[in-house]
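Worksheet: one structure, shown below.
The values are calculated or read from the model by the stated rules, or taken from the named source; none is laboratory data. The structure presented is a predicted model; accordingly, all values stated were derived computationally and were not measured. All Cβ positions, even for glycine, are placed from backbone atoms using ideal geometry, and neighbour counts span all protein chains on display.
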Amino acid sequence: METLHSVVRVSNVTKTFRMGKNELRALKGIDLEIRAGEYISIMGPSGSGKSTLFNMIGGLDKPSSGKVYIDEVDIAQLDAYELAWLRCRKIGYIFQTFNLIQVMTALENVTLPMIFAGVNNDTAVDKGIRLLEMVGLGDRFRHKPSELSGGQQQRVAVARSLANDPSIILADEPTGNLDLSTGEEIITLLKKLSRETGVTIISATHDFKMLNVSDRVIWIRDGLVDKIEDRKDLSISIGQIGDRT
Amino acid sequence: MPRNSLNAGRVERLLVLPFRKSLEISFQSIRARFFRSFITTMTLVLAVSFLAFVSITNDIANGMLDSGKAEFRQQLIRSGYDLDEEDSRADSSPKQRWLIILSLLVCAVGIINAQLMAVTERFREIGTMKCLGALDRFILRLFLLEAGMQGLVGSAVGALGGGFFALLNGFWHFGSAVVPYLPWTDFSFSLLIAIGTGCTLSLLGVIYPAVVAARMQPVEAMRAEQ
């Protein structure tokens, strides 16, 4: 029953930000369970706490109270080294702004996480080229990010997120800076990856195109889980969703 | 640490950045931001060349005094050296030393300033690296290496330039008669001191900015606008 183990478990998580004298309660008690291999979309308006929740799951931020487990490990218990290891090996990040390292070529960007993980250079280069071929950029691995289009940069980022065979890919608005058709290409690519490699994909998004490919959609509103919809329920209401855009 | 290990829940802590790779990344960063690196390095070149100029000019004067020729002594006094009858060394005056210290201080402040800006410019890059698993000390090491390379090149250029102009200045004032009495060992010693001082300054100047960069939480770094 490999597929049933929960790769991410969030239990009663709250997060409070202090802004001067005011306290802002970004998350007010969230419970979630995400199973291995799922394709999850987290939807919600900006300011809903979506990004905060997302950062918690990614181990980029710690909750004010409650627990976040990744692969059944409580991330609050980890020290800086273990946290870095987790980010390097267990989680692949994809960002809205691509965040490739500008001074490095596409291939160097993809191999960097493998270098950190202690993979030797030749193996890393071989795998980097294979990953870039997989995302359709086999011929452009020597290019710098500034020589690539937005969609191509995001493909490099997708390849980079897969470098250390993570269990989770976290995609924060992966289509937010892309036009409609390139956005769609990235979504298709992510879906293909989730099907082929069985990696869990969690994406925070505004993009209703994402809903079609998601196994489950988690709606966040006002720091709480509003509702969680399975795809089969979603396909019935897809017309309405279309209207909502 | 009690850990719930129902499944593959296994966390290690081994992350590496081989030295050669760090060197490669730092070198690439300098090359990619050549203009900025150039400006930072120029501050160092100027300060170090001033230091080298003063100490090599003094070396020349000492060489001339050591020759024991009376006309050299007269020439030195005419060109502004404050020599008594029994003085056998023409060491740097307190005023010169103050000028050197001041120029080095200004240079250090300039380097800190430039490096702080460089760090701010690279918030996002640092945050990204941390998301990919970089440890604080990788970031620290990259910045130190960059500063070290800039320091080495900058102070070598500065020291050689300063030394060259000191020699030119010597010939201008005292003519080619001094050539046989030039203390070449003292020269190389002065050059080494100038280069060492330059490298130290460059590293000192980057420590604070590099620590700021290394300790940044990835989340803050990613939030930074670019």
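So is B:Ala61 among the small types (Gly, Ala, Ser), within 29 Å of B:Leu168 (Cβ to Cβ) and at pLDDT below 90 or not?
Yes, satisfied.
Which count do you get for residues in segment A:55-73 that are more than 7 Å from every other protein chain (Cβ to nearest Cβ) and not aliphatic (A, V, I, L, M)?
Here the count works out to 9.
Tell me which residues, restricted to segment B:12-24, are more than 8 Å from chain A (Cβ to nearest Cβ) and over 15 Å from B:Val153 (Cβ atoms).
B:Phe19, B:Arg20, B:Ser22, B:Glu24, listed by residue number.
Could you tell me whether segment B:31-52 includes any residue that is facing another protein chain (nearest Cβ under 9 Å), part of a helix (DSSP H, G or I), at pLDDT below 90 and within 28 Å of B:Leu203 (Cα to Cα)?
yes
Report whether or not B:Ile56 is within 12 Å of chain A (Cβ to nearest Cβ), closer than 28 Å to B:Phe165 by Cβ and either assigned to a helix (DSSP H, G or I) or in contact with a strand residue (DSSP E or B) (Cβ under 6 Å, 6 or more places away or on another chain) (or both).
Taking the combined requirement at face value, the residue does not satisfy it.
Report the residue count in segment B:18-57 for those that are touching a residue at least 40 places away in the same chain (Cβ under 8 Å) and more than 19 Å from B:Arg122 (Cα to Cα).
16
For segment B:95-132, what are the residues that are in contact (Cβ under 8 Å) with a residue 24 or more places away in the chain, of a type outside the set (Lys, Arg) and in contact with a Pro (Cβ under 6 Å, 6 or more places away or on another chain)?
Answer for segment B:95-132, where residues must be in contact (Cβ under 8 Å) with a residue 24 or more places away in the chain, of a type outside the set (Lys, Arg) and in contact with a Pro (Cβ under 6 Å, 6 or more places away or on another chain): B:Gln115, B:Leu116, B:Val119, B:Gly127, B:Cys131.
Any chance segment B:183-191 includes a residue that's small (Gly, Ala, Ser) and either surrounded by fewer than 20 Cβ atoms within 10 Å (Cβ to Cβ) or touching a strand residue (DSSP E or B) at 6+ places or on another chain (Cβ under 6 Å) (or both)?
yes
Can you pull out every residue in segment A:15-47 that is more than 12 Å from the chain's Cα centre (by Cα), modelled with pLDDT of 85 or more and of a type in the set (S, T, N, Q)?
Residues satisfying the conditions are A:Thr16, A:Asn22.
Out of the residues in segment A:93-136 meeting the condition of being within 9 Å of another protein chain (Cβ to nearest Cβ) and in contact with a Ser or Thr (Cβ under 7 Å, 6 or more places away or on another chain), tell me which one is nearest to A:Val73 (Cα to Cα).
Among them, the one singled out is A:Tyr93.
For the structure I just gave you, tell me whether A:Ala106 is more than 21 Å from B:Arg215 (Cα to Cα), of a type in the set (Gly, Ala, Ser) and touching a Phe, Trp or Tyr at 6+ places or on another chain (Cβ under 6 Å).
Answer is yes for this residue.
Taking the stated definitions as given, is B:Gly110 over 22 Å from B:Trp184 (Cα atoms) and crowded, with 19+ Cβ neighbours inside 10 Å?
yes
For segment A:166-176, does any single residue satisfy the condition of being over 16 Å from A:Gln102 (Cβ atoms) and in a helix (DSSP H, G or I)?
Looking through segment A:166-176, none of the residues is over 16 Å from A:Gln102 (Cβ atoms) and in a helix (DSSP H, G or I).
Go through segment A:97-138 and count every residue that is free of Cβ contacts under 8 Å to residues at least 40 places away in the same chain and polar (S, T, N, Q).
Residues flagged as free of Cβ contacts under 8 Å to residues at least 40 places away in the same chain and polar (S, T, N, Q) within segment A:97-138 amount to 4.
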